[in-house]
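A short worksheet on the structure shown next.
The values are calculated or read from the model by the stated rules, or taken from the named source; none is laboratory data. Note that this is a predicted model, so its numbers are computed, not measured. Here the Cβ positions follow ideal geometry from the backbone for every residue, glycine too, while neighbour counts run over all protein chains shown.
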């Protein structure tokens with residue numbers, strides 16, 4: 001295909017270093033899948049509201065929409081053809097006009113602890129920086145003696161805050177570190193003991209639902225295994241009615257031709273925890289919904305109050 005005859009696409013992304021790295025990964029995969037030069041896919045960055053506001057927890061200032069609303073607007077007005085997101089940052093309920101065009105192969109889902117070799121190795125009364133309710137609740141469940149303070153910002157910002165002594169330790173996603181080339185930073189936590197966030201380590205690409213040309217273009221890089229797992233996790237979230245204040249942890253694994261989804265809900269202070277598991281065929285979104293119902297039926301009031309099931 002000649003340079004002039006190859007259609008061009010505009011890829012929208014947040015401007016943060018990790019978002020740009022994820023956009024570049026998507027561009028490289030798409031170019032390879034279609035046998036075209038990467039230059040045919042133009043990266044169009046935007047500064048998201050969530051990147052501009054760094055002094056408050058995400059849940060206090062508008063939730064996950066702060067990562068998507070600018071790109072949604074560009075997508076719906078045709079300024080971009082598709083948008084690249086971290087799957088964990090995309091709201092569960094999306095506009096009908098927007099569709100998931102592809103989910104790329106998942107990276108390592110583990111969290112990394114920076115500042116200590118393990119949760120048990122944290123000093124007594126350690127101050128730990130995080131803005132994620134899931135991480136805060138899991139930490140306080142395991143180590144109620146620790147104190148959690150709000151840590152916002154990109155990887156470099158959070159590492160700088162830690163180096164400045166604002167906290168004794170913090171958490172980062174291993175997938176993000178790997179994508180930024182920051183390998184060897186911190187201590188990965190066993191995903192079976194320290195459950196990841198729903199959608200963690202997956203790159204999700206959205207386009208306009210009625211844009212068949214772009215949907216076909218994106219379909220070439222859709223990873224069926226990751227797609228099935230992420231959609232199951234999103235179905236669980238939808239059935240739970242969780243939000244940015246709701247501490248939810250999920251680990252999805254493959255067992256031959258089935259998926260195993262293990263989920264835990266916490267009270268924000270880590271005092272209460274409820275866990276469950278389900279096995280199902282990929283694409284069966286009723287099983288995660290049933291698990292959500294089961295979890296909420298067994299959840300203590302201190303947990304259930306943070307969920308609003310439909």
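Residue by residue, here is whether (1) in the same structural domain as residue 169 (by TED's automatic domain parsing); (2) in contact with a helix residue (DSSP H, G or I) (Cβ under 9 Å, 6 or more places away or on another chain); (3) under 27 Å from residue 229 (Cβ atoms); (4) assigned to a loop (DSSP other than H, G, I, E, B) holds:
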position	(1), (2), (3), (4)
73	no, no, no, no
79	no, yes, no, yes
91	no, yes, yes, yes
116	yes, no, no, yes
119	yes, yes, yes, yes
122	yes, yes, no, yes
125	yes, no, no, yes
Pairing a residue in segment 274-301 that is assigned to a loop (DSSP other than H, G, I, E, B) with any residue that is surrounded by fewer than 17 Cβ atoms within 10 Å (Cβ to Cβ), where Cβ atoms lie under 9 Å and the two sit 6 or more apart in sequence or on different chains, gives 281/257; 281/258; 282/224; 282/225; 282/254; 282/257; 282/258; 300/271
Enumeration of residues in segment 19-41 that are assigned to a helix (DSSP H, G or I), touching a strand residue (DSSP E or B) at 6+ places or on another chain (Cβ under 8 Å) and either in contact (Cβ under 8 Å) with a residue 24 or more places away in the chain or under 22 Å from residue 156 (Cα atoms) (or both): 19, 20, 22, 23, 24, 25, 26, 30, 40
Is there a residue being part of a loop (DSSP other than H, G, I, E, B), under 21 Å from the mean Cα position of the chain (by Cα), buried (at least 19 other Cβ atoms within 10 Å of the Cβ) and in contact (Cβ under 8 Å) with a residue 60 or more places away in the chain anywhere in segment 248-259? no
Matching helices (runs of 4 or more DSSP H) fully within segment 146-219 where at least 1 residues are free of Cβ contacts under 8 Å to residues at least 40 places away in the same chain and more than 20 Å from the chain's Cα centre (by Cα): 155-163, 212-219
Across segment 260-273, which residue is nearest to the chain's Cα centre (by Cα) among those that are surrounded by fewer than 18 Cβ atoms within 10 Å (Cβ to Cβ) and either at pLDDT below 95 or assigned to a loop (DSSP other than H, G, I, E, B) (or both)? 269
Please go through (1) out of contact with any helix residue (DSSP H, G or I) (no Cβ under 6 Å at 6 or more places or on another chain); (2) closer than 25 Å to residue 142 by Cβ for residue 206 and return the number of the only condition it doesn't satisfy. (2)
Would you mind finding the one in 59, 48 that is surrounded by fewer than 19 Cβ atoms within 10 Å (Cβ to Cβ), outside the structural domain of residue 129 (by TED's automatic domain parsing), modelled with pLDDT under 60 and closer than 25 Å to residue 246 by Cα? 59
Which residues, counting only those in segment 138-153, are at pLDDT below 95 and surrounded by 18 or more Cβ atoms within 10 Å (Cβ to Cβ)? 151, 152
Answer yes if at least one residue in segment 126-137 is surrounded by fewer than 21 Cβ atoms within 10 Å (Cβ to Cβ) and at pLDDT 95 or above, and no otherwise. yes
Quick check on segment 135-144. Is at least one of its residues assigned to a strand (DSSP E or B) and within 22 Å of the chain's Cα centre (by Cα)? no
